[in-house]
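These notes are about the structure you will find just below.
The values are calculated or read from the model by the stated rules, or taken from the named source; none is laboratory data. Computed from a predicted model, the values in this text were never measured in an experiment. Virtual Cβ from ideal backbone geometry, glycine too; neighbours counted across all protein chains shown. What goes into the accessible areas is simple: the full protein's heavy atoms, side chains included, and nothing from ligands, DNA or RNA. Shrake-Rupley method; radii C 1.70, N 1.55, O 1.52, S 1.80 Å.
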Amino acid sequence: MKNLIKNLRIKRRMIATFAAMHLYGNPSSKLKIVGVTGTNGKTTTATLLFKVAKNLGYKVGLIGTVENIIIDEVIPATHTTPDPIQLNKLLSKMVDKGCEYVFMEVSSHAIDQNRIAGVNFVGGVFTNLTHDHLDYHKSIENYFLVKKKFFDFLLEKAFALTNNYDEHGRIILADTKAQKNTYGFLGSENFHGNIEKIDFHGIDLDVNGEKFQTHLLGKFNAYNLISVISVCKLLGFDIQKVKEILKNIEPPRGRFDHFLSDTGVLCIIDYAHTPDALENALTTVNNFKGESKVITVFGAGGDRDKTKRPLMGAVASKLSDAIIVTSDNPRSEDPEQIIKDIMSGVSNNGGQILSVSDREEAIKMAVEMAMPGDIVFVAGKGHEDYQDVKGVKTHFSDKEVLKKYL
């Protein structure tokens, strides 16, 4: 009975998706759409590709977590990947505005719910797969199979590009009909990179013998960068011009966004909300800290994957000199229970361990604890400008609160 109901839902979604596609005149067939999927790095990869293509002079669209953009028109995003009607409406507007390329984040929910059925992708990118969304997918294996489904349905003329470092990336292309390509730093990739320098000023990268520079920070951004360079090559972009653009390119809002206060405290705001993303970001922070302290403020979303909470607590306590566990969109859940779940994974490595459910108070505490030269790292919300409590969204910006108390 359950399978029958599930199949009926799938058929209903497919009908709705194709109806939306035909209602708007099958807009994806008139665009060159590159889909980016994975747990972490989707937003940065898609946004950097959008910025590169725009700076090259193309009319281009972006569909993603932070915002949707049609050339210069910014449209607020409600989902990483919109529902079929909104998606085809956006694509139709992009066609009307003369867009040639579209870079699109493709979420696992969108794949599973057939929101992207019928979309004509010229390429697909896989960034990585780590612990997230298990409240929905129930297991890592199910989560992976949904991601794989995206590549299984790419057409022969499209390209499929995967992260060779990720074990899932090495098998996700097994059944795709698309042209298979890999990127990474192991040595056996189509697009092989070497990190020649990585510090607080940026990254120097060699990809297949060509030199690239950027002021993006962290090894995780080296992976994002090499995926962007690989896509640019696969799309036939002028790589010499791409090099110049990457030298001055800015990351998306809320992705390792940083500023130095008048008191000499380095503040970093990042969207990291999975154990892997938090570990990558904090590892980068620790590479810069020297003798300074790292004070980390973070929480976990309510009504979402509960199994990642203790893992995030373990990561943060291992890689910080002090942690303040707080709220991050508790939604319908009790914030104190979410904090308790996180704290169950925290280990005492000699650093300060604090908790306070009021996120503004938590950030204020971190600022008061910080001495000149210290680093305050606020994770989980990034670009978001709201706090979701009991179904009510109120304005809240980590960056605004940091600046208020500094």
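Some observations on this one:
- Those residues of region 358-397 which are closer than 18 Å to HIS258 by Cα, in a loop (DSSP other than H, G, I, E, B) and open to solvent by 40 Å² or more (accessible area, probe 1.4 Å), in sequence order: MET371, PRO372, ASP385
- Helices (runs of 4 or more DSSP H) contained entirely in region 242-348, each with at least 3 residues that are over 22 Å from THR39 (Cα atoms): 275-289, 335-343
- Boolean, ILE71 is on the phi > 0 side of the Ramachandran plot and either open to solvent by 30 Å² or more (accessible area, probe 1.4 Å) or among the aliphatic types (A, V, I, L, M) (or both): yes
- Filter result for ILE229 (in contact with a strand residue (DSSP E or B) (Cβ under 6 Å, 6 or more places away or on another chain) and within 23 Å of GLN179 (Cβ to Cβ)): yes
- So SER292, is it more than 21 Å from the chain's Cα centre (by Cα), of a type in the set (S, T, N, Q) and over 25 Å from ASN128 (Cβ atoms): yes
- Any hit, region 182-191, residues being open to solvent by 10 Å² or more (accessible area, probe 1.4 Å), among the β-branched types (Val, Ile, Thr), under 25 Å from ALA160 (Cβ atoms) and in contact (Cβ under 8 Å) with a residue 12 or more places away in the chain: yes
- Taking region 149-239 as the region of interest, the strands (runs of 3 or more DSSP E) fully inside it that hold 3 or more residues being among the polar types (S, T, N, Q) are 179-184.
- Within region 89-105, if we keep just the residues that are farther than 17 Å from ASP72 by Cβ and out of contact with any helix residue (DSSP H, G or I) (no Cβ under 6 Å at 6 or more places or on another chain), the residue that is surrounded by the fewest Cβ atoms within 10 Å (Cβ to Cβ) turns out to be LYS89.
- The set of residues in region 324-346 that are under 23 Å from the mean Cα position of the chain (by Cα) and buried (at least 21 other Cβ atoms within 10 Å of the Cβ) comprises VAL325, THR326, SER327, ASP328, ASN329, PRO330, ILE338, ILE342.
- Cβ separations smaller than 9 Å between residues 6+ apart or across chains give the following pairs from region 53-68 residues that are farther than 20 Å from GLY38 by Cβ to residues that are modelled with pLDDT of 95 or more and of a type in the set (Gly, Ala, Ser): LYS59/ALA53; LYS59/GLY98; VAL60/ALA53.
- Check on ILE226, open to solvent by 20 Å² or more (accessible area, probe 1.4 Å) and β-branched (Val, Ile, Thr): no
- Residues of region 123-133 include none that is out of contact with any Asp or Glu (no Cβ under 8 Å at 6 or more places or on another chain) and open to solvent by 40 Å² or more (accessible area, probe 1.4 Å).
- Some residue of region 154-163 being under 22 Å from the mean Cα position of the chain (by Cα) and open to solvent by 20 Å² or more (accessible area, probe 1.4 Å): no
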